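S.K.: I have a structure I would like to understand better, so I am pasting it below and will then ask my questions one at a time.
Throughout, read-outs are computed from the coordinates displayed, never taken from laboratory work. Keep in mind that what you see is a predicted model, and the values were worked out from it rather than measured. Methodologically, a virtual Cβ is constructed for each residue, glycine included, from the backbone with ideal geometry; neighbour enumeration extends over all protein chains shown.
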Amino acid sequence: KNEVEQSPQNLTAQEGEFITINCSYSVGISALHWLQQHPGGGIVSLFMLSSGKKKHGRLIATINIQEKHSSLHITASHPRDSAVYICAVRSGTDKLIFGTGTRLQVFP
Amino acid sequence: EPEVTQTPSHQVTQMGQEVILRCVPISNHLYFYWYRQILGQKVEFLVSFYNNEISEKSEIFDDQFSVERPDGSNFTLKIRSTKLEDSAMYFCASRGGMTDGYTFGSGTRLTVV
């Protein structure tokens, strides 16, 4: 069983829609990261969370430690948001354990 | 904004050859990592490095792999005798402290033929 599960695996949306990507994990964590991977392959860090909620522009990330669940929301989605969004957790040691990612396509 | 720089962006090598993937982490960062992503799969941890020594390594990081920080700026991953299954995107990452976020490089796509 994967330690980090994401849903959905694939997501399509129309420009302007509100998007939610979910992440569940089965291990104790010290931090959870949301990352963005563009078609060229590069990875960009979006958020690091250990509790509560963070907001950056149109992106909002929340975490519920008791339920071992995090969500990434994108408000007013835009075609440039099209990418793979990856949830990763740091558990005990210094390494990140990655989810399989959610592929988002936003159409004009 | 400071960047983690990886070179080359793409390397093709013959099976059995040695390859060295290079990374220049952000200058004041203390923790360094290599991850890899086989095409179509999730990103996997290879190794972490702190204070000039390996702090943790995965099962993937066998005797064929080694890391070095030879000159205080570069951080290299060497694969001694490449196999077809080493074909992947290799990412270097660094961070300043244990409570900081990670900065990833843009990756090196390694193709073993």
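S.K.: Over all residues in B:99-109, what is the mean tally of Cβ atoms on other chains that come within 10 Å of each residue's Cβ?
M.R.: Details: counts 4, 1, 7, 9, 3, 6, 2, 6, 5, 1, 2.
Average per residue, whole number: 4.
S.K.: Determine the relative contact order of the stretch B:25-73: mean sequence separation of Cα pairs under 8 Å and six or more apart, normalised by residue count, in whole percent.
M.R.: Working: 52 pairs, mean separation 13.4, N = 49.
Reported relative contact order: 27 percent.
S.K.: Here is a follow-up. Return the average number of partner chain Cβ atoms within 10 angstrom of each residue Cβ along peptide A:80-87. Each step should come with its number before you reach the end.
M.R.: Numbers: counts 0, 0, 0, 0, 0, 0, 3, 0.
Mean shielding by partner chains, rounded to a whole number: 0.
S.K.: Beyond 15 Å, what share of the Cα-Cα pairs of the stretch B:2-42 is found? Please give it as a whole percent.
M.R.: Details: 472 of 820 pairs.
The answer is 58 percent, as a whole percent.
S.K.: Lysine pairs, Cα distance under 21 Å, 8 or more residues apart or cross-chain: how many in the protein assembly as shown?
M.R.: The result is 15.
S.K.: Please report the equivalent ellipsoid semi-axes of chain A, computed as sqrt(5 x eigenvalue) of the Cα gyration tensor, largest first, in whole Å. If you can, show how the numbers build up before the last one.
M.R.: Numbers: eigenvalues 104, 40, 29 Å².
Ellipsoid half-lengths, sorted descending, are 23, 14, 12 Å.
S.K.: Sticking with this structure for a sec: Work out the length of the dipole vector of chain A about its Cα centre, built from +1 on the beta-carbon of each Lys and Arg and -1 on the beta-carbon of each Asp and Glu, and round it to the nearest 20 debye. Before the final figure, lay out each step's value.
M.R.: Values: 10 positive and 7 negative charges, 43 e Å.
Here chain A has a charge dipole of around 200 debye.
S.K.: Another one. So what is Rg over Rh here for the protein assembly as shown, counting just Cα atoms and using Kirkwood for Rh? Please report the intermediate quantities before stating the final value.
M.R.: Details: Rg = 17.5 Å, Rh = 18.0 Å.
With Rg and the Kirkwood Rh in hand, the quotient comes to 0.97.
S.K.: With only Lys, Arg, Asp and Glu charged, each at its Cβ (+1 for the first two, -1 for the last two), find how big the charge dipole of the protein assembly as shown is about the Cα centre; round to the nearest 20 debye.
M.R.: On the way: 20 positive and 21 negative charges, 76 e Å.
It comes to approximately 360 debye.
S.K.: Please list, in order, the residues from the stretch B:88-113 whose amide nitrogen is less than 17 Å from a point placed 7 Å along the Cα→Cβ vector of B:I60.
M.R.: Residues passing the 17 Å test: B:88-94, B:104-112.
S.K.: Tell me, what ³J(HN,Hα) does each residue in the stretch A:91-105 have, in order and in whole Hz, if you take phi through Karplus 6.51 cos²θ - 1.76 cosθ + 1.60 with θ = phi - 60° and put x for Gly and Pro?
M.R.: Each residue of the stretch A:91-105 in turn: 10, x, 8, 8, 8, 9, 10, 9, x, 7, x, 10, 8, 10, 10 Hz.
S.K.: Let me ask something else. Which peptide among B:96-109, B:1-14 comes first, and what is the full order, when sorted by highest mean count of other Cβ atoms within 10 Å?
M.R.: Details: B:96-109: 17.4, B:1-14: 13.5.
Averaged packing, sorted descending, gives the order B:96-109, B:1-14.
S.K.: In µm²/s, what is D for the stretch B:23-113 at 37 °C and 0.692 mPa s, where D = kT/(6 pi eta Rh) by Stokes-Einstein and Rh is the Kirkwood radius from Cα pairs? List each step's numbers first, then the result.
M.R.: Details: Rh = 13.5 Å.
The estimated diffusion coefficient comes to 244 µm²/s.
S.K.: Mind checking which of A:T93, B:S48, A:G41 is farthest towards the positive end of the protein assembly as shown's charge dipole, using Cβ charges of +1 (Lys, Arg) and -1 (Asp, Glu) about the Cα centre?
M.R.: A:G41
S.K.: To continue, here is another question. Residue by residue through A:32-45, how many Cβ atoms from other chains fall within 10 Å of the Cβ on average?
M.R.: Details: counts 0, 2, 0, 4, 0, 6, 1, 0, 4, 9, 8, 12, 3, 6.
So the per-residue partner count for this stretch is 4.
S.K.: To check my understanding: the extent here is largest minus smallest coordinate of the Cα atoms along each principal axis. What are those three numbers for the stretch A:1-64, in Å, largest first?
M.R.: Computed over the stretch A:1-64, the largest-to-smallest principal extents equal 36, 27, 22 Å.
S.K.: Could you tell me the distance between the Cα centroids of the stretch A:23-66 and the stretch A:67-82, to the nearest Å?
M.R.: 10 Å
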